[in-house]
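The values are calculated or read from the model by the stated rules, or taken from the named source; none is laboratory data. Being a predicted model, the structure only gives us computed values, none of them experimental. Don't worry about glycine lacking a Cβ; one is built from the backbone with ideal geometry, like all the others, and counts go over all protein chains shown.
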Amino acid sequence: MATQEYYIREASENEARGPFNIEQLVSLAETGQVTVETLWYDAALEDWTAIGATEELKGTLFPEKRKLRMKLKDAAATKKSDMLAPITIEDMLAGAEGRTAETRHRVDPGIRQAHAARIGMWAGVVCLVVAAAGELLPSADAIQALDTNKLIEQPLVFLGAVDLFTAIMLGLGVTAFYPFVRFRAAVGVGLFGFVYFTQGLDMPLIAAIGGSAGLYMATVCVNMFPVIVMSLLGIAGMAGTSYFLLSV
């Protein structure tokens, strides 16, 4: 379980969060951002399941705590603590997220990683949309006329359709498409890289490699700085590849 990736969402939400490892889920559970009612994607069942319904995962995230008997000598300290203002759930969440003066520089790593993963997801959407534009627009007339013969002569049309569909699914929060996105990035390096290399086109080759590498790494990294760098690389590379496809 330690090396497994988890995707989670609330029952009222359509968009999933992740991927997280088990240590990050424990941190989110400790801050109240994950409960027994939170859903997680069970790849074996290919369905969303409540954490509370999975005994092993529930036991890891919400271990039973032994009840401690209060000692008599702590009674005075308890009375003194009762005089302090109660801490609300909002205060606890604000502290975990680093939105208080005391915790401003101690933001929960799990929250930062969740934000980074979300940026990587939307960067992947932008990369795929930009790639689809370069693959579909040169054949816009054939697509509009539904000319099958011309479409067959333009194989990039089918890749563009797949890229656009994948971008839509990823934008809707269907995180099960992450492995396919990474496969698409590898295919992009192999396909465009081979074509541009054999034609001696250096700049399109660099753009294709950068776009595919950025797309792949943006869906893998969970730290903010690498995600931002890889996202920018992926978008720029895909834009360069699409520009070349539209200019030829």
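Some points to look at:
- Check on residue 246, more than 24 Å from the chain's Cα centre (by Cα), in contact (Cβ under 8 Å) with a residue 12 or more places away in the chain and surrounded by fewer than 22 Cβ atoms within 10 Å (Cβ to Cβ): yes
- Flag for residue 210 being closer than 16 Å to residue 234 by Cβ and at pLDDT 85 or above: yes
- The residues in the stretch 167-197 that are in contact (Cβ under 8 Å) with a residue 12 or more places away in the chain and either among the hydroxyl-bearing types (Ser, Thr, Tyr) or more than 17 Å from residue 131 (Cβ to Cβ) (or both) can be counted, and the count is 7.
- Within the stretch 140-171, tally of residues that are polar (S, T, N, Q) and more than 21 Å from residue 184 (Cα to Cα): 3
- The single condition among (1) over 24 Å from residue 210 (Cβ atoms); (2) touching a Pro at 6+ places or on another chain (Cβ under 9 Å) that residue 143 does not satisfy is (2).
- Test for residue 193: is it assigned to a helix (DSSP H, G or I) and crowded, with 22+ Cβ neighbours inside 10 Å: no
- Qualifying residues in the stretch 207-225 (those that are of a type outside the set (Val, Ile, Thr) and free of Cβ contacts under 8 Å to residues at least 60 places away in the same chain) - the one surrounded by the fewest Cβ atoms within 10 Å (Cβ to Cβ): 225
- Qualifying residue in the stretch 149-168 (condition: of a type outside the set (D, E, K, R), modelled with pLDDT under 85, under 30 Å from residue 22 (Cβ atoms) and out of contact with any Leu (no Cβ under 9 Å at 6 or more places or on another chain)): no
- Taking (1) more than 30 Å from residue 31 (Cβ to Cβ); (2) of a type in the set (Asp, Glu); (3) modelled with pLDDT under 60 in turn, residue 141 satisfies each apart from (3).
- Residue match in the stretch 218-232 (condition: among the polar types (S, T, N, Q) and either over 30 Å from residue 8 (Cβ atoms) or more than 20 Å from the chain's Cα centre (by Cα) (or both)): no
- Options 57, 28, 93, 61; residue that is at pLDDT 80 or above and under 23 Å from residue 114 (Cα atoms): 28
- Selection status of residue 200, surrounded by fewer than 19 Cβ atoms within 10 Å (Cβ to Cβ), outside any helix (DSSP H, G or I) and touching a residue at least 24 places away in the same chain (Cβ under 8 Å): no
- Number of the condition not met by residue 205 [criteria: (1) over 19 Å from the mean Cα position of the chain (by Cα); (2) farther than 21 Å from residue 133 by Cα; (3) of a type outside the set (Asp, Glu)]: (2)
- Across the stretch 12-28, a minimum of one residue is classified as in contact with a helix residue (DSSP H, G or I) (Cβ under 9 Å, 6 or more places away or on another chain), at positive phi and not in a loop (DSSP other than H, G, I, E, B).
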